[in-house]
Amino acid sequence: MSHTPSPDRLAEVDALRGFALFGILVVNIIAFASVYYGRGVTDPAFTSLAGRLAEGLVSFVFETKFYLIFSFLFGYSFTLQMRSAERAGEALVPRMARRQIGLWLIGLTHAVLLYHGDILTTYAVLGLLLLMLRRWSDASALRLAAGLILVTGLAWALLGWLQLLAGDTADLVAVQAEAAAALAAFGGTPGTVIAAHLQELDSIWALLSLLQAPSALAMFLCGLVAGRRRLFEQGEEIRPLIRRLLRLALLIGLPGSVIYTYTSMAQPGTGWEVVGLAVSILTGPFLAGGYIAAVLLLFRSAFGGRLVAALAPAGRMALSNYLGQSLACSLIFTAYGLRLVGQVPPWGVLAIALTLYLSQLVFSAWWLRRHAYGPLEWALRALTIARWPAWRAVAVRSGSA
């Protein structure tokens with residue numbers, strides 16, 4: 001007996017999303033564990049050799065790459081939503097507008113209660129832009145995507161260059177005071193946690209708008225084009241594209257990540273760190289594309305079926321898992337629970353991330369054997385289609401349509 005997936009469900013898309021969840025978790029959990037994260041100063045807890053290696057691993061492999069994979073998949077899934085609306089005979093714009101409003105409300109709740117670095121509100125707004133751009137030709141969409149990446153990367157490079165000319169560096173005393181205040185807030189009470197999140201919202205949204213939003217929209221557009229061309233439904237004909245993406249990742253993406261990692265670790269708080277960030281903005285999409293290509297090859301290998309089966313359930317309920325990660329991290333590191341912020345060594349933080357992720361893989365498979373959707377996916381779908389969707393999974397005989 002098995003649950004019949006929706007006609008719009010593509011196992012490889014779900015599995016890719018499940019894979020990306022791990023990268024998102026690794027980056028976000030560092031922000032929960034360290035009040036120095038993103039402040040331009042190395043966390044004193046990361047000064048040991050093990051700590052520096054952990055910092056370098058996260059910077060090189062995960063930072064600035066995995067949200068791009070999620071963004072690409074958002075654009076791809078947008079085309080599946082379009083097909084679903086067409087098949088149901090429903091108007092796309094009201095349906096997607098309701099979905100984006102729901103996503104924005106979930107993201108705002110997430111940002112206030114759990115994680116000030118929430119990106120769902122940004123996705124909600126960008127999703128409305130994607131809705132307006134959906135009729136653009138593939139060539140126009142890809143040109144806009146390239147332009148967004150290029151302009152954003154060059155703007156940050158200019159900012160870094162100006163900082164180098166001015167000789168500005170991070171004010172160590174001010175940063176330490178900010179970190180101490182954050183430590184007191186996140187280790188205080190649930191009320192001080194929420195107050196800290198509210199205080200940081202304006203600066204976080206400004207940073208997301210100037211940094212992640214343009215790159216995310218660019219990847220939305222790439223995903224839109226890929227979805228219209230049904231790339232994940234192709235077989236051997238996609239092989240040349242996979243090889244091309246892997247070459248670009250090796251020639252452009254990996255060197256860019258080396259530069260980003262070196263500048264963020266060796267030149268924190270300086271213009272060079274900003275220049276390294278600019279390099280990552282320009283090259284990160286190539287490495288993200290390489291990750292997607294490499295994982296697709298694994299999915300289509302001899303053991304790929306088992307890998308897809310392990311990852312796809314987590315990807316099918318990615319929204320619930322994303323917020324579940326933040327809830328778990330809040331319970332571990334903040335005043336909602338154990339108050340371990342600033343106390344867990346880097347490799348311990350990564351071990352927690354791996355344990356949490358594996359637990360989510362198991363839980364997601366268990367949940368979806370019994371339910372049609374993840375909890376938040378069910379609520380968002382109810383708002384999207386303006387009626388109550390099925391809650392329980394429908395069991396059918398294996399092999400039936």
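The values are calculated or read from the model by the stated rules, or taken from the named source; none is laboratory data. Since the model is a prediction, treat every value here as computed from it, not as a measurement. Here the Cβ is made from the backbone with ideal geometry for all residues, glycine too, and neighbour counts use every protein chain on show.
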### Summary
Scanning segment 123-157 residue by residue, those of a type in the set (D, E, K, R) and assigned to a helix (DSSP H, G or I) turn out to be ASP138, ARG143
### Message
Can you tell me which of (1) crowded, with 21+ Cβ neighbours inside 10 Å; (2) part of a helix (DSSP H, G or I) is the one TYR373 doesn't meet?
### Response
(2)
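So that you can scan it fast, the table gives a plain yes or no per residue for (1) at pLDDT 95 or above; (2) surrounded by 21 or more Cβ atoms within 10 Å (Cβ to Cβ); (3) assigned to a helix (DSSP H, G or I):
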residue	(1), (2), (3)
GLY290	yes, yes, yes
ALA302	no, no, no
GLY315	yes, yes, yes
TYR322	yes, yes, yes
GLN325	yes, yes, yes
LEU331	yes, no, yes
VAL344	no, no, no
ALA353	yes, yes, yes
LEU358	yes, no, yes
### Query
Is it true that some residue in segment 175-196 is within 30 Å of ARG83 (Cβ to Cβ), polar (S, T, N, Q) and either at pLDDT below 95 or buried (at least 16 other Cβ atoms within 10 Å of the Cβ) (or both)?
no
### Task
List the helices (runs of 4 or more DSSP H) that sit entirely inside segment 43-116 and contain at least 3 residues that are crowded, with 21+ Cβ neighbours inside 10 Å.
66-88, 92-113
#### Entry: Residue satisfying all of: in segment 148-175; in contact with a Phe, Trp or Tyr (Cβ under 9 Å, 6 or more places away or on another chain) and of a type in the set (A, V, I, L, M, F, W, C); nearest to GLY276 (Cα to Cα) among these
LEU164
### Query
Only one of (1) at positive phi; (2) buried (at least 17 other Cβ atoms within 10 Å of the Cβ) fails for ALA386. Which number is that?
(2)
### Message
Checking the condition among the aliphatic types (A, V, I, L, M) and under 24 Å from the mean Cα position of the chain (by Cα), which residue from LEU154, LEU159 passes?
### Response
LEU154
### Task
Output yes when any residue across segment 209-225 is closer than 24 Å to ASP118 by Cα, without any contact (Cβ under 8 Å) to a residue 60 or more places away in the chain and in a helix (DSSP H, G or I), and no when none is.
yes
### Task
Would you mind stating whether VAL258 is closer than 27 Å to THR47 by Cβ and part of a helix (DSSP H, G or I)?
yes
### Query
Among the candidates VAL61, VAL93, which residue alone is out of contact with any Phe, Trp or Tyr (no Cβ under 8 Å at 6 or more places or on another chain), within 27 Å of LEU231 (Cβ to Cβ) and modelled with pLDDT of 95 or more?
VAL61
### Query
Quick check, is ALA393 more than 16 Å from PHE22 (Cα to Cα), of a type in the set (A, V, I, L, M) and modelled with pLDDT of 95 or more?
no
